[in-house]
Every structure is written in structure tokens, then in C-alpha cells.
Amino acid sequence: MSALSDQLVTYAILVYLIAMISHAVEFALGNARKAPAAAPARELVGAGVGGAGGTVDEPVVPGTPPRPDRSAARAVLAGRIAGWLTVLAAALHLGAVVTRGVAADRMPWGNMYEFVLTGTWIGMAAWLVVLWKQPWLRRLGLFLTLVMVLLLAFAELKLYVPIEPLMPALQSWWFIIHVSTIIFASGIFLLGVVPAAAYLMRAGWEQGRRSFPYTLARRLPEAAGLERLTFTLHAFSFPIFTFAVIAGAIWAEAAWGRPWAWDPKETWAFISWVVYAGYLHARATPSVKRNVATWIAIVGFLTVMMNLFGVNFFFTGLHSYAGVE
């Protein structure tokens, strides 16, 4: 089962890569997708994703000949192929997680490799749900599949460790409760940073900026829809992350006799919590610009990455369970 899991990870990376290329073809051909028109009514702070997404049509330049129908048809085909390949890659990805757990005879979250493997699948599964409900967001798949390829390839090349039994400190029901919620929240945060970055690029494009990287946003959905999706994902994930931190403190009290000791991972988890709380507060404050709030969300994701990679590689503490040297 362990060998099968390794093979499925490799296959998933390859299919994600092909899906990314297909998304890039659709992106390059510029097949315009329409989304519901933006409503002029004022927006509530907690508005959902289903609000106005705008149109991703490019402005028509006078004197420019219309794009051939053949190119548009090819773009549609490339987009559909990318979508189905993403579903296939996610299925292979899930197979890799499940077979890893079966081979280990435990939940597959015992080291950093397994954490990344599971967390990235959570992010992809959440993306497929978003795509099913809001298909006009499909072009974000280019950036998400790129992230999947990079993270999974890094995990396979640098983080991989053979299956080992859990160390005694992790053999507890709190392991399932605490680690599962941390992984789930991290996977949603991973997905949330994609529309956040896309929003900043698209907002710059709509403001007339035509330098790199704003040119990448020319065919992305409207900035308002991207920003709304960013908020919804973070508002959904933050309470789960909060529960995970509290569960970790309860587990620490039972295992080590204290709920908090400012261990490096505990400290960075607290930093992430503060930053994400700051983002939600900024998003709810009318005087704070949306691009400022979005930058706070991106900083929050960087702190999550620091907690996952930086703490495991550069610090030692009670949470040193990475499994790599």
C-alpha cells in the first residue's frame, strides 16, 4: 500500500501539471466567460460568494477584428479538459492519502509529508466545491493547479519519509481532533490565498495598471467577486482554526501538564490566529480599503507556511514531528 500511495502521488502531480497546461491554453486563447452582472446595491460586509461576479470579457478595441469562433471553441474545450483533469488528479490525490493511511494503520498525519499531502487535497476538494457552485471562477484553476504541482513536488522530493508508527506523544484521540482541524483549516487557507492574490492583480488591472503582474489578471473574473470569495473562505476557515488551537491547548494540558508554553509552533499558531483575526476585523471595517485587508490575509497565509515549513526546519521544540532531517 505504501508503494501504491507513492505512485498515486506521482500520477496526481503529472495530471495536475497537464490540467495546469490546459488551463493555460484556455487562458491564452482568451475565451470570455460571463458571470452575473454586478448589482449596484450596497454590499453587506458578510455578503456571500454568490454575489455579483461581473464579466471576464475583455474590452473591445475599435478596429480590432473579432476573434475567430474556432479559437473560442478551442478555449472552451481546453477549459473543460482542464476541469475534468483536475477532478481526476484530485481523485488520484485522495487515493494517495487513503492508501498512505491504510499502509500506516493510522490517520496519515504523522509527519510533515503527510500533513502537506492531506492539506493540499483539502484545498483542492474545497476548490471543486467552489467551482461547482461558481463555474465562472474556473480560470483561477490555472493558479491553484500551479500551487498543487509545486507543493506536492516539494513534498515528494524534500519531505518524503517512510511510514513509521506514531510516537507516544501523538497516540491520543486528541491527535485526530486537533490535527484534523488544523489540516482542514490550513487547506482552506491555502485555497483562500489564490483568489486573494488574484484580486490584488485584477483590482490593479481595473485601475489601469498594465505592468507585470497585473497583465496576468486581464482575463480573470471581476475584482469584486474575487474579493468576496476571499472573505467567504477565510470567514469559514477561521472558526475551525480557532477550535484547532483551543483543542491543541487542551491536549497539551493533558499530555504535558500545561496548556501553553510558547513552543515555536504554538507561538506561530498564535501569530497566524492574530493575523487572520486582523484580516476579518479589517474586512468588516468600512474605513479600511479592501486591498489592505487582502494583503493582511496573504500575510496570514505566509505565517501558516512559516509554521509548517520554517518552524519544522529551523526550530526545535515539543512539536518537532516533521520526520525530516
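The values are calculated or read from the model by the stated rules, or taken from the named source; none is laboratory data. All of these numbers come straight from a predicted model, not from anything done at the bench. Quick note on the areas: whole protein, heavy atoms, side chains included, nothing else; ligands and nucleic acids left out. Shrake-Rupley method; radii C 1.70, N 1.55, O 1.52, S 1.80 Å.
Across all directions of projection, what mean area in square nanometres is found for the Cα convex hull of segment 142-296?
Numbers: hull surface 45.3 nm².
Hull-based average projected area comes out at 11.3 nm².
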task = Mind grabbing the accessible area of residue 281 for me, 1.4 Å probe, Å², rounded to tens?
result = 130
remark   = With every protein chain in place, the accessible area of residue 102 for a 1.4 Å probe, in Å² rounded to the nearest 10, comes to 80
request  = Take segment 188-274, drop everything but the C-alpha atoms, weight them equally and run the Debye formula without solvent; then report log10 I(q)/I(0) at 0.12, 0.14 Å⁻¹ to two decimals.
outcome  = -0.52, -0.62
ask   = In segment 157-217, carbon and sulfur make up what percent of the accessible area (probe 1.4 Å)?
value = 65
key: Surface accessible to a 1.4 Å probe, per residue, for the residues of segment 156-314, Å²   = 46
note = For segment 245-307, the percent of accessible surface on carbon and sulfur atoms (probe 1.4 angstrom, ligands and nucleic acids excluded) is 76
